[in-house]
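Below: the structure, in structure tokens.
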Amino acid sequence: MRLSLATLLLLARVAWADERTIRVVDEDGRALGGAAVTATLTPPDDPRLSSTVVRAGMTDASGSLRFQADDRLILTRVQADHAGCFAADVDHRHGLGRLRQPSELTLTLPRMTHGVPLHYREVRLTGLPTGRRIGFDAEIADAVAPWGKGRTRDMEFELTSEQVGWTESPEVLAELRRSPEGRRMDDQEWAETYGRFRGMLRISLPRKGDGLRMTPAFWPYCRLKMPALAPDEGYAPEMTLAFDTLPTAESPGDRHGCYLRLRTPDGEGPASAHHAKIQGRVDVGPGRVTFRFYFNPRAGDRRLAADIRTNLLQPPPDATPAERDRFQASEP
């Protein structure tokens with residue numbers, strides 16, 4: 001039996017096709033059947049919109065959507081939605097768009113939850129000395145004096161760092177030094193701006209019964225990034241984070257966060273403590289620490305999904321527009 005050229009080409013395309021699977025589960029790992037999934041694939045060497053391939057459908061009872069796609073196509077975006085859950089929108093920020101990809105991708109959709117009013121602030125601590133314990137007041141989300149306006153030492157930061165090189169080549173550094181901005185900088189500011197630093201940040205909780213722990217789950221592709229309820233166990237009195245101001249491709253980026261148990265009353269135990277979270281990346285450099293901080297002012301309440309319309313922590317009257325922006329939470 002002779003086959004036509006068109007049939008041979010069709011068979012060849014089928015032979016080159018891979019089966020891809022998108023699996024959708026809830027935050028407890030249970031399969032979510034009936035989730036709407038859209039997968040976008042593109043050739044690695046053809047950015048034209050006309051070359052984009054879209055596969056869409058509903059997950060089956062096992063929470064899976066399976067489809068065939070040419071093995072040279074790269075998965076660049078996946079969107080998933082299910083009633084009662086936060087939607088997922090995954091792209092290059094979360095590892096898609098790479099040449100080598102597994103044939104199966106699992107997405108977690110956390111349960112939809114009502115946010116509660118919290119204290120929120122994007123904390124930016126600067127001018128911190130090396131090797132000293134800097135107190136941090138969780139209620140007003142600021143360092144204690146003289147580095148901030150805090151009064152209670154709920155947490156302590158100890159920063160150590162050393163310069164191990166530069167982020168630019170000698171030629172680029174020489175050109176930058178000749179610029180008006182480069183001539184303005186003193187040696188310390190110049191090193192902090194263009195130097196490569198490595199070091200450690202130690203976060204400790206001085207009060208008995210207080211502690212912190214890494215989040216058991218982190219969903220960078222959802223609006224709700226961490227479980228809405230702080231864990232009731234697994235807290236440790238301190239944590240150490242290593243940092244490098246010249247991150248590598250393997251750096252975790254924003255894919256982590258931690259919970260804190262604070263202000264545990266003497267003799268009452270953790271059930272009466274306050275809870276807080278640091279959501280996402282802790283950005284550390286020479287003399288500086290930046291992170292997104294949420295604090296629940298209600299003792300014994302472990303809920304930490306914020307109502308982003310209501311921040312119980314307000315900026316001071318003399319705050320600049322940039323400072324006011326740091327009191328605006330964009331994610332629960």
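Considering only residues that are part of a strand (DSSP E or B), among the basic types (Lys, Arg) and more than 21 Å from Arg111 (Cβ to Cβ), which ones fall in the range 19-78? Answer for the range 19-78, where residues must be part of a strand (DSSP E or B), among the basic types (Lys, Arg) and more than 21 Å from Arg111 (Cβ to Cβ): Arg20, Arg55, Arg66, Arg77.
For the range 260-278, a residue qualifies if it is modelled with pLDDT under 95 and in contact with a strand residue (DSSP E or B) (Cβ under 7 Å, 6 or more places away or on another chain), and exactly one does: Pro270. Condition test on Ser204, is it in the same structural domain as Ala305 (by TED's automatic domain parsing), surrounded by 13 or more Cβ atoms within 10 Å (Cβ to Cβ) and modelled with pLDDT of 95 or more? Yes.
Among the numbered conditions (1) more than 24 Å from the chain's Cα centre (by Cα); (2) basic (Lys, Arg); (3) modelled with pLDDT of 95 or more, the only one that Arg72 does not meet is (3).
So, in the range 312-332, of the ones that are among the polar types (S, T, N, Q) and touching a strand residue (DSSP E or B) at 6+ places or on another chain (Cβ under 9 Å), which residue ends up surrounded by the fewest Cβ atoms within 10 Å (Cβ to Cβ)?
The extreme case among them is Ser330.
When the range 30-45 is filtered for residues that are within 19 Å of Arg77 (Cα to Cα) and of a type outside the set (Asp, Glu), the ones remaining, listed by number, are Ala35, Ala36, Val37, Thr38, Ala39, Thr40, Leu41, Thr42, Pro43, Pro44. Which one is farthest from the chain's Cα centre (by Cα), of the residues in the range 279-311 that are surrounded by fewer than 17 Cβ atoms within 10 Å (Cβ to Cβ) and on the phi > 0 side of the Ramachandran plot? Across the range 279-311, the extreme among qualifying residues is Gly300. Taking the condition among the basic types (Lys, Arg) and touching a strand residue (DSSP E or B) at 6+ places or on another chain (Cβ under 6 Å), does Arg281 pass? So Arg281 does not fit the description; no. Counted as qualifying within the range 241-332 are the strands (runs of 3 or more DSSP E) with 1 or more residues that are among the basic types (Lys, Arg) and farther than 22 Å from Ala230 by Cβ, namely 288-296. Per the listing Ala322, Ala299, the residue uniquely in contact with a Lys or Arg (Cβ under 9 Å, 6 or more places away or on another chain) and free of Cβ contacts under 8 Å to residues at least 60 places away in the same chain is Ala299. Scanning the range 54-70 for residues that are in contact (Cβ under 8 Å) with a residue 24 or more places away in the chain and either of a type in the set (Val, Ile, Thr) or not assigned by TED's automatic domain parsing to the domain that holds Glu104 (or both) yields one hit, Thr59. The residue pairs whose first member lies in the range 85-106 and is farther than 17 Å from Met226 by Cα, whose second member is part of a helix (DSSP H, G or I), and whose beta carbons are closer than 8 Å, counting only pairs six or more residues apart or on different chains, do not exist in this structure.
The values are calculated or read from the model by the stated rules, or taken from the named source; none is laboratory data. Being a predicted model, the structure only gives us computed values, none of them experimental. Reconstructed Cβ throughout: ideal geometry from the backbone, glycine too, with neighbour counts over all protein chains shown.
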